[in-house]
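The values are calculated or read from the model by the stated rules, or taken from the named source; none is laboratory data. None of the values given here were measured: they were computed from a predicted structure. All Cβ positions, even for glycine, are placed from backbone atoms using ideal geometry, and neighbour counts span all protein chains on display.
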Amino acid sequence: ARASIGVTGLAVMGRNLARNLARHGHTVALHNRTEQRTRDLVEQFGSEGDFVPTYSAEEFVRALERPRKLVIMVKAGAPTDAVIDEFAPLLEPGDIVIDAGNAHFADTRRREAALRERGLHFVGTGVSGGEEGALHGPSIMPGGSAESYESLGPLLEDISAKVDGAPCCTHVGPDGAGHFVKMVHNGIEYSDMQLIAESFDLLRGALGLEPAQIAETFRTWNTGRLDSYLIEITAEVLAHTDPHTGKPFVDIVADEAEQKGTGRWTVQNGLELGVPITGIAEATFARSLSGHAGLRQAARGLAGPDRGSAARQGVPESFADDVEQALYASKVVAYAQGFHQIQAGSAEFGWNIDLASVAAIWRGGCIIRATFLDDIRAAYRAEPTLPTLLTSGGFRKAVEDAQDAWRSVVATAVRLGIPTPGFSTALAYYDGLRADRLPASLIQGQRDYFGAHTYRRVDREGSFHTTWATDPRVEHEA
Ligand code: NDP
């Protein structure tokens, strides 16, 4: 045995993680169901470091130093279970099985419990940054036991992205905590992408700008507080011209957004935990709506407002700047909601997740990396139990300062018939949270009326029911 770690599953992600490990001086055992992938890796990249190619499960396990560290990077779902079932019987107590694929955190909890029974550590870890990230430094979100992190952590930190010298990798919490945080990361990513897409649509629809001009606007925004990977790549996509037609690239791509399902998991979990992650939900549904080609075709003739030059005259001069403010404020809401979800998940499953550390490891390597996350880290560092990002000093001021522009943008969108589910729901969330009174009292009245569900009063303790059908003057304490 001479490899300090092994990777099984050598498609694009596994191959790049293995190369990243080897480039950092670690001896890496290699394994893949289809042998050819292993041979290809060694043939193409063998000179990058010390690889130990293996061609059976037994050979792979024998190549690993104890406690063995075995990274599984295969298709999520049944394939991951198949691989675990294949390797677990060959391992010994104390060995560490790492699932770096995009598993659902509930599967990770189940697998962790099953392997713990056999004395094995199971580390479900989120990895973000796509194939480039895997090779050059991803953001890594490992769950599992603190004990496993002692020996595994240094390896993962070594290959993760670094921001100001700090690794974008931390022990998130027990069992499914890492995959949970990765799930919310992806949900926030959906939300961020949707808000940016709406900004583009607004600048085009209300100001009549061309994609290349909007690319310039995004480039400018990227030098300020919105500085982020997603804004940066958006500018590149918008500036790109289709080589076949000479048209803007965004105009020749079918406008039906796809999804692999992590946004859906985030929304499902938000519903289960009762956490209003409306930005993520709207972003996920906006993709669904875009994909219903037949439905959209059928609805295409429905009337909308005039968007001609006269209508556009009502658009304020400051519109582009207003959109920047609306985007920033909506983004704060999206992150506030995502962090609320992590807080709730952590409480539900007893994970004790440190929110400042989560923000810290998202600053580099991952898709939502942004300077903004440094501010979130600082906010939670200063106040670990902050109820919502919206009330923390800097964010509070920025959102309050932005609210007029935010309202103006949403109003303009409504007037011109430009769909902005992301901006609109973020603003509604902001207004809902800050409201003195919500019409939820009326809903309680309705519920009590038809279902005797009872209500609480603002002036007395206890639960009450009004006998609506027989005599509404009579109220019983329930
Ligand atoms: P894929 O998800 O396409 O998975 C292909 C790999 O899985 C191959 O090595 C394949 O082996 C192996 N595999 C599939 N079924 C089985 C099975 N039943 N038994 C054994 N091995 C099996 O590869 P990716 O590299 O794209 O992704 C790997 C993981 O990383 C996934 O969980 C993915 O969700 C996650 N991920 C991907 C990101 C990305 O940007 N692509 C980003 C972050 C995470 P074989 O060669 O024999 O077919």
Please indicate, with yes or no, whether at least one residue in segment 41-48 is in contact with a Ser or Thr (Cβ under 8 Å, 6 or more places away or on another chain), touching a residue at least 12 places away in the same chain (Cβ under 8 Å) and surrounded by fewer than 17 Cβ atoms within 10 Å (Cβ to Cβ). no
Which numbered condition Val52 fails, given (1) surrounded by fewer than 22 Cβ atoms within 10 Å (Cβ to Cβ); (2) within 11 Å of the ligand (Cβ to nearest atom): (2)
Could you please find all residues in segment 3-40 being within 10 Å of the ligand (Cβ to nearest atom) and polar (S, T, N, Q)? Thr8, Asn16, Asn32, Thr34, Gln36, Thr38
Restricting segment 304-350 to residues that are of a type in the set (Phe, Trp, Tyr) and surrounded by fewer than 21 Cβ atoms within 10 Å (Cβ to Cβ), which is nearest to Ala283 (Cα to Cα)? Phe319
Determine the pairs where a residue that is at positive phi, located within segment 103-130, has a partner that is more than 16 Å from the ligand (Cβ to nearest atom) and modelled with pLDDT of 95 or more with Cβ atoms under 8 Å apart, the partner being 6 or more residues away or on another chain. Gly119/Glu92; Gly119/Pro93; Gly119/Gly94
In segment 1-27, residue surrounded by the most Cβ atoms within 10 Å (Cβ to Cβ) [restricted to those that are in a strand (DSSP E or B) and either under 30 Å from the mean Cα position of the chain (by Cα) or of a type in the set (Asp, Glu) (or both)]: Val7
In segment 210-228, residues that are buried (at least 19 other Cβ atoms within 10 Å of the Cβ) and in contact (Cβ under 8 Å) with a residue 24 or more places away in the chain total 7
Return yes when Ala411 is part of a helix (DSSP H, G or I) and touching a residue at least 12 places away in the same chain (Cβ under 8 Å) and no when it is not. no
What helices (runs of 4 or more DSSP H), lying completely within segment 73-171, carry at least 1 residues that are buried (at least 24 other Cβ atoms within 10 Å of the Cβ) and near the ligand (Cβ under 10 Å from one of its atoms)? 130-136
I need a count of the residues in segment 191-208 that are touching a residue at least 12 places away in the same chain (Cβ under 8 Å), assigned to a helix (DSSP H, G or I) and over 14 Å from Arg287 (Cα atoms). 8
